[in-house]
Amino acid sequence: MKLLSKLFISLYIMILGLSSCNSVKQPATAKADDFNYFVEQFDDIRVLKYKLPGFEALTLRQKEYVYYLSQATLTGRDILWDQNFRYNIQIKKTIEAILDSYSGNKESDEFKAFLLYAKKVFFANGIHHHYSSDKFKPGFSESYFATLIKSCGNEKLPLAKGQTPDQLIALLTPVIFNEKLFPRKVEQRAETDMVAESASNFYEGVTQKEVEEYYTGKTVGNDPRPLSLGLNSKVVKINGKVTEEVYRSGGKYGSVIDNIIPWLEKAISVAETDAQKNELGLLIEYYKTGDLKKWDEYNVAWAKNSDPMVDYINGFIENYEDPLGMKATWEGIVDYTDMEATKRTKIITSNAQWFEDNSPIQPKYRKEKVTGVAAKVVNIAMLGGDCYPASPLGINLPNADWIRKEVGSKSVTLANITNAYDIASQGNGFLEEFAADQTEVDRIKKYGIISDALHTDLHECVGHASGKLAEGTDPNTLKNYASALEEARADLFALYYMMDKKIVELGLLPNEDAGKASYDAYLRNGLLTQVVRIKPGKDIEEAHMRNRAAISHWVYEKGKADNVVEFIKRDGKTYVKINDYNKLRTLFGELLKEIQRIKSEGDFEAGKKIIENYGVKIDPKLHTEILERYARLNLAPYTGFVNPVLKPLYDSNGSITDVTVEYTDDYLGQMMYYGKNYSYLTIDN
Ligand SMILES: [Zn+2]
């Protein structure tokens, strides 16, 4: 599963957050540095680049390992394009040919519209929007498209055998321009034939019913370790018979897979442990055979290898793009452990008992023996396939339930990707628009990243792990309020300690001001800005948002007599100002105590009251104001990344002596480079 920056409803996926439990994140809470994260913005897309902190400190062997795996990550690119839609490869190659050779007027409105279309298609890995799944509407005419194609030499065009440029134009024009043809990549409305109505390329010439019957026939009943049936194949009909084309060497996508395997073999040659070698060997066997049993063996080995310095994902993993939820898109990443963050989580977990013993809850609900949960934080070194350019913020794999139960899973948050989001958002005006004053702005710029990261770590590593139930309490009594209350408990645990001097003593924050920055950000989000994601007139539904609203409104109301937190108005705009940080901390502690009691005793009515009274309703006047202010900022709702360029340096014997990192600001250039160097599917229809 991926933790995404967008609202993808899944058990593990939250919205635009630092972590699995941090769903709506304040868009601006980071510390600036002189690295320029911003690359470009077009349509509803913002493109950034990410930095590789600490990469130079890896050993040469680790760097080589990263390099080979990163090549394997880039090599699979064409598979995803073809999976998204069967004409995507030919369209991509046509766009590349035009961009490569068109020498006419590039300042015309039509060419600019074509360029915009090209950028959008590259971003989506195809002609359907990566998130909404709708087909893009070109802003140029059919005849202009024909002119562009004709301006390319025949040898540049991706012509099928015997195909003329006119035939290419006749084929692609309706595919691109006719709004009725292939309108959606993934159609999941229950009343439709989702297989027939989806443009994605997992099925051809078959109905949903035929596919379902085909797999029902293959399912083994009561298998405690069921295979991920249908994960790596396309279902087609040959001579009236439904069958599978398996993704493997010599099979579907064999030409790409055969180019991935040599990079994995090179990775084995520099792998640090036998466990890694064994695991990669299994992956190669799986790629060669397409055998799903091998895939499970591989995943077991990968999941057991829980703490490597360098790790990766490479394969057919997530099934979000298949309307039937079986077939997986190809993706790849390479990552390495973030040593700074790991140091931080180790300090927290080794002090878990101290946090528990000093928590402001009733002593009888404290755990006598608490073990913190170690969360792994990594930096991305390369994104590929379905993780590029739109990247997840966290990943939890493998997906097979029985492996998760028997062996466990690996859960990581992607630090450098998250940091890029945060820092790039600083210049976007969001913080300046909603912060109460310059002190707040400065404080966030100085301490935002570290205080945000620490809040997440406290929430994840000790917050959820703390506290215990009273004897005999049924853990299911809080029902529909359980997750909002549980998130509130973990958030309050973190908030309470953010301003504790122990945190500074442990070296987790530089000073009290950093704690203040996190209070500012939390209340600004909970009382004001998080509602930008909610349509006018609607209530807050999502558990994390309810939690944040509930905490913020509760402390506001309880502190009202002492003016702890106040709403101020300036030029018709509303701001939130904290007047007494210490009293606010006490209030967080009081609410933590109450919510722990509710959980420990299973007090449904009290829990319901807190959520319903403080966490659900939005003041309609304020909501309108926030939405208007937000709209004026013109922020792009979707973000993606260009990759760094990893370059091996060789000695005279051809051995790698180092791997260097270069960063690029050229989004289109990277797409064209990948098209030239990592394209292994040919046009054969
Ligand atoms: Zn949580």
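Around the Cα centre of segment 292-444, unit charges on the Cβ atoms of Lys, Arg, Asp and Glu (plus for the first two, minus for the last two) sum to a dipole of about 880 debye. Modelled label positions at residue 190 and residue 132, each set 7 Å beyond Cα in the direction of Cβ, lie 2.5 nm from each other.
Computed from the Cβ-Cβ distance with R0 of 25 Å, the FRET efficiency linking residue 580 to residue 511 stands at 0.85.
For segment 76-112, there are no residues whose amide N sits under 13 Å from a probe point set 7 Å from the Cα of residue 155 along the beta carbon direction. Note: segment 156-254, Cα convex hull, 166 Å³ per residue. Helix 620-632 versus the longest principal axis of the chain: what is the Cα-based angle in degrees, 0 to 90, to the nearest 10? The answer is roughly 50 degrees. Database remark: amide H of residue 46 closer than 5 angstrom to the amide H of 638, 639, 640 (H placed geometrically; neighbours at sequence offset of 5 or more, or on other chains; Pro and chain starts carry no H). Charge dipole of segment 307-380 (Cα centre as origin; +1 on each Lys and Arg Cβ, -1 on each Asp and Glu Cβ, all else neutral): 580 debye, rounded to the nearest 20. Can you list the residues of segment 91-120 with backbone N under 13 Å from a point 7 Å past the Cα of residue 147, pointing along Cα to Cβ? Within reach of a label on residue 147: 103-114. Taking θ as phi - 60° and the Karplus parameters 6.51, -1.76 and 1.60, the scalar couplings of segment 51-68 work out to 9, 10, x, x, 4, 5, 7, 5, 6, 4, 4, 5, 5, 4, 4, 4, 4, 5 Hz in sequence order, x denoting glycine and proline. Separation of segment 290-322 from segment 55-69 is 21 Å, based on Cα centroids.
In this structure, the amide hydrogen of residue 391, modeled 1.01 Å from its nitrogen in the peptide plane, lies closer than 5 angstrom to those of 641, counting only residues at least 5 positions away or on a different chain.
Considering every alpha-carbon pair of segment 186-300, the percent of pairs per 5 Å bin, from zero through the bin containing the longest distance, is 2, 10, 16, 18, 17, 15, 11, 6, 4, 1, 0. Looking at the calculated P(r) for segment 359-427, what percent of the C-alpha pair distances fall above 16 Å? Value for segment 359-427: 66 percent of Cα pairs lie more than 16 Å apart.
With a ≥ b ≥ c taken as the square roots of the eigenvalues of the C-alpha gyration tensor of segment 476-532, please select rounded if a/c is under 1.5 and otherwise prolate if a/b is larger than b/c or oblate if it is not? Since a/c reaches 1.5 but b/c is at least a/b, the shape of segment 476-532 is classed as oblate.
Hey, what angle do you get for helix 543-558 against the long axis of the chain, alpha-carbon based, 0 to 90 degrees rounded to 10? The angle comes out at about 20 degrees. May I ask which residue of 264, 332, 397 lies farthest towards the positive end of the charge dipole of the chain, with charges of +1 (Lys, Arg) and -1 (Asp, Glu) on Cβ and the Cα centre as origin? Toward the positive end, the furthest listed residue is 397. The label-point distance for residue 340 and residue 38, in a model that sets each label 7 Å from Cα toward Cβ, rounds to 2.2 nm.
Expressed in Å, the radius of gyration and Dmax of the Cα atoms of segment 395-451 are 18.0, 52.
Take every DSSP beta bridge whose two residues both sit in the chain; close to 80 percent of them are antiparallel.
Over 27 Å apart at the Cα level, from the set 538/569; 112/676; 468/516; 376/535; 445/617, are 468/516; 376/535; 445/617. In this structure, the amide hydrogen of residue 436, modeled 1.01 Å from its nitrogen in the peptide plane, lies closer than 5 angstrom to those of 576, counting only residues at least 5 positions away or on a different chain. Relative to the Cα centre, what is the charge dipole magnitude of the chain, using +1 at the beta carbon of each Lys and Arg, -1 at the beta carbon of each Asp and Glu, and rounding to the nearest 20 debye? Magnitude of the dipole: close to 640 debye. Relative to the dominant Cα principal axis of the chain, helix 415-426 is inclined by about 80°.
Mind giving me the FRET efficiency for residue 608 and residue 673? R0 is 35 Å, r the Cβ-Cβ distance, nearest 0.05 is fine. Efficiency, from the Cβ-Cβ distance: 0.05. The string of couplings for segment 80-93 from the Karplus curve (6.51, -1.76, 1.60, θ = phi - 60°) is 4, 4, 5, 5, 5, 5, 6, 9, 4, 5, 5, 5, 4, 5 Hz, one whole number per residue in order, with x for Gly and Pro. Put a dot 7 Å past the Cα of residue 164, heading toward its Cβ, do the same for residue 213, and the two dots end up 4.3 nm apart.
What base-10 log of the normalised intensity I(q)/I(0) is obtained for the chain from the Debye formula, alpha carbons as equal point scatterers, at q = 0.08 Å⁻¹? With one equal scatterer per Cα and no solvent, log10 I(q)/I(0) is -0.67. Note on residue 479: aspartates and glutamates with a C-alpha under 15 Å away, same-chain residues under 8 apart excluded, are 487, 541, 542, 601, 603, 605, 612. Take the Cβ atoms of residue 473 and residue 369, set R0 to 25 Å, and the FRET efficiency comes out at 0.85. Specify the longest stretch of the chain that does not include any exposed loop site, a site being one of the trypsin sites (Lys or Arg not before Pro) with a non-H, G, I, E, B DSSP assignment and at most 13 other Cβ atoms within 10 Å. Value returned for the longest uninterrupted segment is 370-537. In plain terms, the chain from residue 249 to residue 650 could stretch by 141.3 nm, reckoned as 0.36 nm per residue minus the Cα-Cα distance.
Here, each number is a calculation from the coordinates, and none is a lab measurement. Everything quoted here is computed from the prediction, not taken from an experiment. Methodologically, a virtual Cβ is constructed for each residue, glycine included, from the backbone with ideal geometry; neighbour enumeration extends over all protein chains shown.
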